[in-house]
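Below is one structure, written out as structure tokens; comments come after it.
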Amino acid sequence: MCGIVGYIGKENALPILINGLKKLEYRGYDSAGVCVMHKNNFSLVKEKGKIENLEQTLLHSNILGNVGIAHTRWATHGEPSQLNAHPHLDCKGRLAIVHNGIVENYSALKELLQKEGHIIISQTDSEIIAHLIEKFYLPTGALAEANDGDMEIATIKALKLIEGAYALAIIDKNTNNILVAKKSSPLVIGVGDEETFLASDASAIVAYTKKVIYLDDNEIASLTQNGYSIKNINGELIDKKIIEIAMTVDQIEKGGFRHFMLKEIFQQPEAIENTLRGRLALGTVKLNLQFDVSLIKRIIIIACGTSWHSGLIGKYIIEKFSGIPVEVDYASEFRYRNPIVRQDDLVIAISQSGETADTLAALKEAKLRGAKTLGIINVVGSTISREVDSGIYLHAGPEIGVASTKAFTCQITALLLLSLYLQQIKKPIDNTILVELKNIPEKIKEVLAQSDEIKKIAEIFKDSKNFLYLGRNLNFPVALEGALKLKEISYIHAEGYPAAEMKHGPIALIDEHMPVVFIAPQDEIYNKILSNMEEIKARGGNIIAIINKRDTKIEKLAKYIIKVPESINELSPLINIIPLQLLAYYIADLKGLSVDKPRNLAKSVTVE
Ligand code: AGP
């Protein structure tokens with residue numbers, strides 16, 4: 001989703017802005033632009049497509065200036081084009097703005113502004129904001145008020161009319177500062193030595209400073225070379241804490257891997273160790289939760305996409321270990337279906353980014369209805385992590401590839417910790433599971449060592465048009481996640497199904513052109529899965545099976561086999577998903593597709 005970077009300080013702004021935009025590429029975008037201010041003049045350059053296109057145009061431009069804002073746009077209103085790219089100007093070209101979010105009432109505002117004579121040139125909702133500020137900033141005739149001419153006051157007036165979400169940065173030719181404001185879209189301020197930064201997330205500025213301030217909703221800040229002042233939407237000054245972030249530049253580089261996604265798949269053993277670190281001790285699980293868990297009668301998990309899949313696995317394991325009933329909802333559905341939420345409910349929001357608009361909105365709804373809330377989040381300091389009563393950070397490190405991989409396995413790990421934590425209130429935890437949890441990273445390494453064999457299978461199936469993924473019990477969500485990974489990055493249609501449900505419809509699709517991926521560990525329903533495989537084989541389907549090392553039966557049924565180490569049932573998704581991530585990765589890469597930044601997708605979906 002759109003990325004914002006800004007700089008004001010002693011250095012030339014342009015290289016800092018471009019470097020920052022590159023760090024935000026993973027969020028997904030289709031055009032990019034920059035506006036640098038020098039001696040009360042703007043240099044504005046925008047291009048459709050990749051940041052490299054923008055750099056080409058900038059090559060001979062010799063743009064100088066110590067103040068600037070930049071943006072990568074992910075189209076919502078209006079096609080990806082140079083005209084629709086940000087920054088946008090007001091009529092007189094005095095203000096330049098960049099915006100992430102959606103102005104929901106933009107049609108009404110556009111009509112109003114056009115009636116007043118504003119010339120709106122793009123199809124975006126964002127350009128409206130520049131004109132709206134202009135409306136209050138440069139009034140004409142008798143309507144002028146005492147404070148008109150003050151950009152901050154004009155901006156506050158404009159923001160009060162906007163319905164929807166915004167992270168906003170504004171520069172004004174006549175003022176040496178950057179104004180920023182936020183509502184429901186993330187924005188972070190970086191505090192340097194005689195320089196101040198802003199960005200959609202800290203990865204864009206971590207190379208320059210580790211001191212940050214996360215802006216909260218309805219806050220507006222004025223940034224100068226020497227610092228910042230932050231106010232609420234009523235113009236009252238507020239005090240905010242500077243936070244020291246732990247992220248390093250190395251963590252956001254590819255480290256010798258061909259793609260971030262591959263790096264992140266291979267990082268999973270270490271990432272899971274980081275999620276476990278300090279949380280297992282002497283047969284117990286230690287979590288720092290800020291409420292009395294013994295009062296919880298029901299758990300509701302809300303999430304989207306991959307995080308929703310880990311939520312489905314969470315249902316199995318929480319119910320199994322703690323006996324507390326669990327419901328799992330798509331965050332976008334939960335919010336709009338007038339959900340029944342009680343005070344003894346715990347609502348868990350799962351989100352890698354901690355910024356997903358649907359999850360955030362559902363969480364706020366749950367809070368309004370009186371539930372206790374818990375976040376299972378990767379990005380430290382993200383909006384959801386600040387909104388919940390308590391949280392479990394994944395500590396998986398930055399996930400840059402749009403297709404989520406290490407966040408998924410770390411989310412399952414965090415859910416396992418939570419399940420055991422809830423169990424230990426009633427009865428001691430069985431030590432074998434704790435020992436096995438610690439063994440998981442090594443077992444994942446064993447699967448990763450087979451990546452060449454998985455690549456060979458990818459070669460065979462890379463031109464398939466459809467895929468079916470089948471699993472049962474805990475491995476049904478693994479099938480869903482395997483199918484999602486393939487769809488996202490290879491653009492091959494794929495569906496995940498509970499294996500037994502296949503005969504109620506999808507079996508009609510089976511023929512020799514249909515690869516069917518089975519996740520088939522030797523669990524209590526192993527024999528049932530064998531029957532499902534027979535059904536596929538009888539109809540000529542091509543079976544690719546993820547099986548346990550000691551399995552000898554499936555080799556006779558499946559044409560293609562990937563052997564993975566055995567584990568305790570509840571931990572098996574952590575191992576079984578790895579070959580599916582690799583299969584999707586290699587298919588997409590062999591097809592020559594943009595693995596880390598697939599078309600139409602954004603890493604952090606900050607609009608509804
Ligand atoms: C995963 O590969 C996807 N890109 C997507 O489904 C993602 O999981 C979803 O948008 C939720 O994101 P979050 O975990 O950051 O909330």
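The values are calculated or read from the model by the stated rules, or taken from the named source; none is laboratory data. Just so it is clear, the structure is predicted and the values come from calculations on it, not from any experiment. Cβ placement follows ideal geometry from the backbone for every residue including glycine, while neighbour counts extend to all protein chains displayed. Note: accessible area is taken over every heavy atom of the protein model, side chains too, but ligands, DNA and RNA are not part of it. Shrake-Rupley method; radii C 1.70, N 1.55, O 1.52, S 1.80 Å.
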Please verify whether GLN290 is open to solvent by 40 Å² or more (accessible area, probe 1.4 Å) and closer than 30 Å to ALA584 by Cα, treating the condition exactly as stated. no
Flagged in segment 332-376 as closer than 18 Å to GLN290 by Cα, within 11 Å of the ligand (Cβ to nearest atom) and among the small types (Gly, Ala, Ser), in numbering order, are ALA349, GLY375
Taking segment 239-255 on its own, how many of its residues are under 18 Å from THR196 (Cα atoms) and outside any loop (DSSP other than H, G, I, E, B)? 2
Residue list for segment 457-480, restricted to those being in a helix (DSSP H, G or I), more than 19 Å from ASP596 (Cα to Cα) and more than 16 Å from the ligand (Cβ to nearest atom): ILE457, GLU459, ILE460, PHE461, ASN475, PHE476
One residue is enough: does segment 31-49 have a residue meeting the conditions out of contact with any helix residue (DSSP H, G or I) (no Cβ under 7 Å at 6 or more places or on another chain), of a type in the set (D, E, K, R) and within 19 Å of ASP596 (Cβ to Cβ)? no
Going through segment 255-307 one residue at a time, which ones are away from the ligand (no atom under 16 Å from the Cβ), of a type in the set (Gly, Ala, Ser) and closer than 22 Å to LEU420 by Cβ? GLY278, ALA281, GLY283, SER294
Exactly one of these conditions fails for THR57: (1) under 22 Å from ALA199 (Cβ atoms); (2) in contact (Cβ under 8 Å) with a residue 12 or more places away in the chain; (3) open to solvent by 10 Å² or more (accessible area, probe 1.4 Å). Give me its number. (1)
Which listed residue, of ILE392, ILE412, is among the β-branched types (Val, Ile, Thr), within 15 Å of the ligand (Cβ to nearest atom), outside the structural domain of LEU24 (by TED's automatic domain parsing) and part of a helix (DSSP H, G or I): ILE412
May I ask you to verify whether VAL379 is within 11 Å of the ligand (Cβ to nearest atom) and open to solvent by 30 Å² or more (accessible area, probe 1.4 Å)? yes
Exactly one of LEU530, LEU601 is more than 30 Å from the chain's Cα centre (by Cα) and open to solvent by 10 Å² or more (accessible area, probe 1.4 Å), and that residue is LEU530
Within segment 481-495, take every residue that is open to solvent by less than 10 Å² (accessible area, probe 1.4 Å) and in a helix (DSSP H, G or I) and give me the one that is nearest to the ligand (Cβ to nearest atom). LYS485
Can you tell which of ALA246, ALA181, ALA271, ALA202 is open to solvent by less than 40 Å² (accessible area, probe 1.4 Å), under 24 Å from the mean Cα position of the chain (by Cα) and within 30 Å of GLU436 (Cα to Cα)? ALA271
How about segment 403-432: which of its residues are under 22 Å from the mean Cα position of the chain (by Cα) and open to solvent by 10 Å² or more (accessible area, probe 1.4 Å)? SER404
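This table checks each residue for (1) acidic (Asp, Glu); (2) farther than 30 Å from LEU420 by Cα; (3) more than 16 Å from the ligand (Cβ to nearest atom).
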residue	(1), (2), (3)
SER567	no, no, yes
ASN576	no, no, yes
PRO579	no, no, yes
TYR585	no, yes, no
GLY592	no, yes, yes
PRO598	no, yes, no
ALA602	no, yes, no
VAL607	no, yes, no
Taking LYS115 and the conditions (1) among the charged types (D, E, K, R); (2) surrounded by 15 or more Cβ atoms within 10 Å (Cβ to Cβ); (3) out of contact with any Cys (no Cβ under 6 Å at 6 or more places or on another chain), which numbered condition does it fall short on, given that it satisfies the others? (2)
